[in-house]
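Structure first, commentary second.
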Amino acid sequence: MESNLISRLKSALGEDRVLTEQEQRTKRATDLLAIRLLQRHMGWKPTLPLCVVEPENTEELARAVAICRENKVPIIPYGGGSGVLGGAECRDTNAVVIDVKRLNKIGELSDEDLCITAEAGVMIKDLEAYVNEKGYILGHYPQSMDLAQMGGLVATRSIGQFSTQYGGIEDLLLGMEGVLPNGEVVEIKANPRKSAGPDLRHIFLGGEGFVGIVARVTVKVFPKPEATWKQAYRVEGTREGLEVIRKVMREGIKPAVVRLHDWLECEKPYGAFMEEDESLILFLCEGAKEKVRAEQEIIERVVGTDAISAGEKPVDIWLAHRNDAADEYEEYGKQGLLVDTIEISGNWSDIGNIYENTIDRVYDEVHEVLFLSGHSSHSYLNGTNIYFQIGAMPSPDMSSDDVEKLHRRIWDIIEEETVKNGGAIAHHHGIGKHRAKYMESELGSGLKMLKTIKKAFDPDFLMNPGTLINCD
Amino acid sequence: MINVYICVKQVPDSKTIETDPLTGSLIRESAGSVPNPADNDAISLLSQMQNNCPEIISAAITMGPKQARASLREALALGAMSAYHLDDPALGGSDSYITAYALSQTIMHIGKADYVICGEKSSDSDTGQVPGAIAEFLGFSCYYGIIEFIEIDAKSKSMIAVRENEGIRQTIQISSPAVLVPKSGAFPKLYSSMREKNAARKKDIIKISVSDLADSNPDSYGYNASLTKIHAMVAAAPKRSAKIIDSEYTDFIRELLCSENDESGNAIALSKAKCTDSKDLADGVFAAVHLGDTHITSELIGALQSEINASKVTVLCNEHYANDVKLIANEVIAFSSAGSSADDLLLEGVIDYIEEISPDAVLFPANVRGRWLSSKIAVRLKLGLTASCTGFIWEDNKLIQIRPAFEDRLMTAIYSTKKPALATVREEMFPEAKKADTEGKIIKKQVLAKYSEKYKIISEEAVKPAEKQFSDKVLVIGNAVSSKTDFDKLVKWAEDNEMTWGVTRPLIQGGLAPFEKQIGVSGTAVKAKLAILLGVSGSRKTMAGLRLVNTLLAINEDPDAEVFSQVDYGIIGDYKQILKG
Ligand SMILES: Cc1cc2nc3c(=O)[nH]c(=O)nc-3n(C[C@H](O)[C@H](O)[C@H](O)COP(=O)(O)OP(=O)(O)OC[C@H]3O[C@@H](n4cnc5c(N)ncnc54)[C@H](O)[C@@H]3O)c2cc1C
Ligand SMILES: Cc1cc2nc3c(=O)[nH]c(=O)nc-3n(C[C@H](O)[C@H](O)[C@H](O)COP(=O)(O)OP(=O)(O)OC[C@H]3O[C@@H](n4cnc5c(N)ncnc54)[C@H](O)[C@@H]3O)c2cc1C
């Protein structure tokens, strides 16, 4: 059956679109799920898919999906591979990986409608460069700017560093084309807004391939901003900082960047601008100069005496180095360190408790932890996110399985505290396979809805099984 | 009770330093700061000593602005018992000589020291000269290259350790007081736990100002007191752009592989050119110190000849080496004395020479003994000393010394305020000395030196230097190569051409090569003369690992590939066709 499937795929798409060499399958067997970056150095080996298919257009993509469906083999969509939750990780040797990297055409940019169309496999850094050249910006700057693709970003409901002004990918995606599990192609028109039943984009936004594959997207573009204002403020601690941000957001303004870093995150980059133990708030506003000036005035009034200005230099440092982590990400595993990031969100009334309880509990319960810090990086009228950064040193006698348990213990604490305090288990990395365990506590009665959707579209559970919801 | 002090430093993070595009000067605050990486070995050694001997009382010391407290917190978290912060506006702009002076004053202020532990060097200034100078100011002996701690005896305070320098590994018994300098990377990396970090945050850091020190005169410190000054600073990253080779590739590649010339794209050569253009003929008095290796000494002379057209160089050495160097030197001054060690003899000999002749400059090799000797002389004679020079300029009868800092990201041009300028010279940077037509004259000098070394050698063995993972010529295999057969062919091609090889990340991901072979941000940074990039797109993540390669050649079939704007030579086409010849 296997060789039959492969030959069918080959005759439908062409010999060179179906890769069976071990090297090619190995490359697309994993994403950047943190624990693997350590386990790889402890003898852990990925599960390889049956083959990798590289369709060149929507039509080929649809054909590939249909053939897999007929043969009842699992399908894993693969984008930039920068996901951090195992969404694109293969856990079944029968699976077929569909890598969309050849769907890489960029369409027309409309100045009048301020939008652009691009295929799912276009790297966001390439699309950004393309629109920049024409005088526009995408307004979407995830830290994985160098790594992620447009389809992957939509599929994980990603967010960028300037989100407080421009929104998450869900605010930027106007329309799209997708392929359903039976191989049908669907199109969702790009319109500014509509009232035509539930919004179908949301089946794909954050779907992580669970009921379809994103083939093409139409996203907003913005004219390049004219002016910028930057300012950093020192505050006594994280709680005080959260309070300042809450008051600013309440004014209804949308500075592009609103961040709060706790003491541990400040020590290294901003130590020269503050006192020990303080936290630091960073603001950046951009757009027309009158708008920027108005936002500046409001921020200065609201901050008042609650925080002390630390000038604009810290914001420049952040801007220059905001994506360095993407370079360092793989180094830790080699040193035997487990490093991960966990992002959750909560309402203003809960978020301080989530941050403090989590830090206390991890610190008390997991003695291997060397580093646990948090920042708030995406704020809203009603609340904000916390992005925890964790480093742990497993003892040298731990096996690959033990390390996985240690990793899980940390995750369990953070997700438990989040749910207990009314927060959401995921702010922007998505669920993948690693986080699916917590979906029941997150969705409660809603889980049934999600399962019903899954069943209706994908009755054989072939689309990226184990992602979002456990298969059983 | 054994008092052990550890000197730590907070340094700008070299990975993230930036320079002003116009002036080339360092934007210091933009870097953020981190504990100096080599200090971890110092802390690790301290922690082993403390585990071995409960009598130890330890303190961490730093000199620097307020963010330096982070380094002290880290030392406290990892076991130092108390912490002292020397912080005073008067200290701004101190060079390594003054830094060592201020630290030694601080140590004397805190109390009597039995041992002082220092990291091998700081990543920002890279001199490695502070430990030797501290030892000289305190009158201690100084032991570089410690790779293993064995034990310490609480009663006699003497300790046994293993050191390794220039191919010789010795187990030695050291008596206190002494400065100990562990070899960078030799001790296990220590990480503080969250618990230890929090405990350290609650501890007191004792602040010390210049007015607390025995020498409380602010004029003894800072920029004005420093004996070396910065003349200019430029970023060391040259802009490369590919010259496209569109015919006779085979010959071109062969030539590159055979060529010893490394002018093109050479980061250091380029940025030196930017410091200043003057190239006067230098008619000053110059000396090079010979420690035993004729090739190294030949490079010291070659540096002066090739860089500043020095017409005459005198070599200073111990008597039994005189015949080795007379062919390359214009003059040899050979020291002899009864009953002293080789190093003590050379030390006193060079000091006598400087006092008698007052030369313009004296050069030393930038190895452990060269650094040790030069820093002792600098302290004894109060002379400026510049470490690990990679270039020289002769201007207004003054030797301007060019040296890289921040792991070669920045070039600084430095001059000494007094003559002679002392400088250590980085190895493998300069051509050998021209062979003289006549042998240099040997002048013998009797020197008064006494035996000062305070250690006993327990055992000694020669060690082979660790083989370098990447040689002078490196083949970088990119994602264009994805089958095992093609890959194996390329590895063979590299070996046939006496090259070592590395890969981009996709080949690691595909299981074709082991992790150690990855080049780039999360792999190795290669230092080599030549690298050939085959089917490499030129992503920032790969290129970060090739910054220090002198000449880069890329072969890629895509004429628009990013890589062509980041290499010196480019060949457009299928690598299989191109390498056929
Ligand atoms: C260093 C680093 C920093 C990061 N920073 C951010 C950040 O700032 N903000 C943020 O939101 N995320 C961030 N991420 C997470 C990650 O980059 C995003 O989740 C990104 O959206 C993944 O895109 P990708 O193309 O790499 O997708 P992949 O990892 O390839 O896939 C992600 C998931 O989507 C599915 N998928 C991929 N393509 C498609 C498609 N065309 N149709 C349907 N499903 C598909 C996969 O099966 C998988 O389940 C970061 C990751 C790293 C490693
Ligand atoms: C956390 C993280 C850390 C990373 N760290 C590193 C790192 O340290 N080092 C590193 O290298 N990468 C690193 N990467 C990966 C990096 O982002 C790039 O994906 C990678 O460098 C691309 O490798 P490449 O240029 O070989 O392959 P590709 O981008 O696939 O380029 C292949 C090139 O070969 C050319 N080509 C194809 N066929 C031929 C032929 N027959 N003849 C000639 N040319 C041909 C093509 O035109 C193309 O330019 C990292 C990624 C992540 C996520």
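Note on A:Lys420 and B:Ser452: the model spin-label points, each 7 Å out from Cα along the C-beta direction, lie 6.4 nm apart. Given +1 at the Cβ of Lys and Arg, -1 at the Cβ of Asp and Glu and no other charges, the dipole of chain A around its Cα centre is 1360 debye to the nearest 20. Charged side chains reduced to their Cβ positions (Lys and Arg at +1, Asp and Glu at -1) give chain B a dipole of some 1420 debye around its Cα centre. Per-residue mean of foreign Cβ neighbours for B:198-205 is 1 (Cβ atoms of other chains, 10 Å radius). Dipole orientation for segment A:227-321: of the candidates A:Met274, A:Ile299, A:Leu264, A:Ile299 has the Cα lying most toward the positive pole (charges on Cβ; Lys, Arg +1; Asp, Glu -1).
Note on exposure: B:Met499, A:Met393 ranked by accessible area (1.4 Å probe, complete protein assembly) read A:Met393, B:Met499, with the most exposed listed first.
Of the solvent-accessible surface of segment A:325-431, computed with a 1.4 Å probe and all protein chains present, 50% belongs to carbon and sulfur. For B:Lys576, a cut-off of 18 angstrom between C-alpha atoms picks up these aspartates and glutamates, skipping any fewer than 8 places away in its own chain: B:Asp246, B:Glu248, B:Asp251, B:Asp486, B:Asp488, B:Glu495, B:Asp496, B:Glu557, B:Asp558. At a probe radius of 1.4 angstrom, the accessible area of the protein assembly as shown per residue rounds to 41 square angstrom.
The label-point distance for B:Glu166 and B:Ser216, in a model that sets each label 7 Å from Cα toward Cβ, rounds to 4.4 nm. Where only DSSP H runs of four or more residues are counted, chain B gives -8000 deg cm²/dmol as its mean residue ellipticity at 222 nm, each run worth -39500 (n - 2.57). With a 10 Å cut-off around each Cβ of A:266-278, the average count of Cβ atoms from other chains is 6. The Cα center of segment A:201-267 and the Cα center of segment B:334-372 differ in position by 63 Å. Projecting the Cα atoms of A:Trp348, A:Gly374, A:Tyr363 onto the charge dipole of chain A, computed from C-beta unit charges around the Cα centre, puts A:Trp348 farthest toward the positive end. Label sites at A:Asp412 and B:Asn397, each approximated as a point 7 angstrom past Cα along Cα to Cβ, lie 8.0 nm apart. The residues of segment A:315-348 occluded by other protein chains by 40 Å² or more of accessible area, set against the chain on its own, are A:His321, A:Asp327, A:Glu330, A:Glu331, A:Lys334; surface from heavy atoms, 1.4 Å probe.
So which residues of segment B:56-80 lose at least 40 Å² of accessible area, probe 1.4 Å, when you go from the chain by itself to every protein chain present? Residues of segment B:56-80 that lose at least 40 Å² of accessible area once the other chains are added: B:Lys66, B:Gln67. Helix content alone sets the calculated 222 nm mean residue ellipticity of chain A: runs of n ≥ 4 DSSP H residues at -39500 (n - 2.57) each, divided across all residues, give -10500 deg cm²/dmol. One decimal place: the segment B:Gln469-B:Asp293 gains 60.9 nm when fully extended, by the rule 0.36 nm per residue minus the C-alpha distance. Among beta bridges identified by DSSP and lying wholly in the protein assembly as shown, the antiparallel ones come to about 55 percent. With N as its number of residues, the protein assembly as shown has a Cα radius of gyration that, divided by 2.2 N^0.38 Å, comes to 1.02.
The solvent-accessible area of B:Lys456, taken with every protein chain present and a 1.4 Å probe, is close to 130 Å².
If R0 is 35 Å, the Cβ-Cβ spacing of B:Lys207 and B:Ser156 corresponds to a FRET efficiency of close to 0.50.
Summing charges over all other residues whose Cβ lies under 13 Å from the Cβ of A:Gly287, with Lys and Arg as +1 and Asp and Glu as -1, gives +1. With a Cα cut-off of under 21 Å and a minimum spacing of 8 residues unless on different chains, the lysine pairs in segment A:122-276 number 12. Can you tell me the relative contact order of segment B:443-568? Whole percent, Cα pairs under 8 Å, sequence separation 6 or more. Normalised by residue count, the contact order of segment B:443-568 is 22 percent.
Size check on segment B:93-198: the Cα extents along the three principal axes, sorted descending, read 38, 38, 32 Å. Suppose a student asked you for the relative contact order of chain B, using Cα pairs under 8 Å spaced at least 6 residues apart; what percent would you report? Rounded, it is 14 percent for chain B. A simple count of charges around A:Lys334, restricted to other residues whose Cβ falls under 10 Å of its Cβ and scoring Lys, Arg +1 and Asp, Glu -1, yields -2. As a fraction of the 1.4 Å probe accessible area of chain B, surface on carbon and sulfur atoms comes out at 50 percent.
Between A:Asn57, A:Leu37, A:Thr47, the Cα set farthest toward the positive side of the dipole of segment A:9-58 (charges on each charged residue's Cβ, about the Cα centre) is that of A:Leu37.
Measuring heavy-atom accessible area with a 1.4 angstrom probe and counting protein chains only, the residues of segment B:516-564 that give up at least 30 Å² relative to the chain alone are B:Val521, B:Ser522, B:Arg540, B:Lys541. Subtracting the Cα-Cα distance of A:Asp113 and A:Phe457 from 0.36 nm times their residue separation leaves 120.6 nm of extension gain.
For B:Tyr84, the solvent-accessible surface computed with a 1.4 Å probe is close to 40 Å², ligands and nucleic acids excluded. In terms of accessible area, using a 1.4 Å probe and ignoring ligands and nucleic acids, B:Thr485, A:Thr218 rank largest first as B:Thr485, A:Thr218. In summary, the lysines within cross-link reach of A:Lys420, defined as a Cα separation below 17 angstrom excluding same-chain residues under 8 places away, comprise A:Lys437. At the residue level, A:Trp348 shows approximately 40 square angstrom of accessible surface with a 1.4 angstrom probe and all protein chains present. If a spin label sat at a point 7 angstrom from the Cα of B:Asp496 along the line to its beta carbon, the backbone N atoms of segment B:567-581 nearer than 15 Å would be those of B:576-581. Within the straight-line cut-off of under 12 Å between alpha carbons, the aspartates and glutamates reachable from A:Lys101 are A:Glu54, A:Glu56, A:Glu119, sequence neighbours fewer than 8 places apart in one chain being disregarded.
These residues, A:Ile359, B:Ile458, go from largest to smallest accessible area, 1.4 Å probe, as B:Ile458, A:Ile359. Note on A:39-45: average number of Cβ atoms from other chains within 10 Å of each residue's Cβ is 1. Based on alpha carbons, the Rg and Dmax found for segment A:315-459 are 16.8, 51 Å. Counted by Cβ distance under 13 Å from B:Lys155, the other residues give a net charge of -3, where Lys and Arg count +1 and Asp and Glu count -1. Computed in the context of the full set of protein chains, the accessible area of segment A:250-320 at 1.4 Å probe radius has 47% of its extent on carbon or sulfur. Using a cutoff of 8 angstrom between alpha carbon atoms and counting only pairs six or more residues apart, the relative contact order for segment A:227-321 works out to 47 percent.
Using Cβ point charges alone (K and R +1, D and E -1), the dipole size of segment A:106-223 about the Cα centre works out to roughly 280 debye.
If you take the accessible area of B alone, add that of A alone, and subtract the area of the pair, what total do you get in Å², probe 1.4 Å, to the nearest 100?
Its buried surface, counting both partners, is about 3700 Å².
The values are calculated or read from the model by the stated rules, or taken from the named source; none is laboratory data. All figures in this text were calculated on a predicted structure; none of them were measured in a lab. FYI the Cβ positions are ideal-geometry reconstructions off the backbone, even for glycines, and counts take in every protein chain you see. The area values use the complete protein model at the heavy-atom level, side chains included, leaving out ligands, DNA and RNA. Shrake-Rupley method; radii C 1.70, N 1.55, O 1.52, S 1.80 Å.
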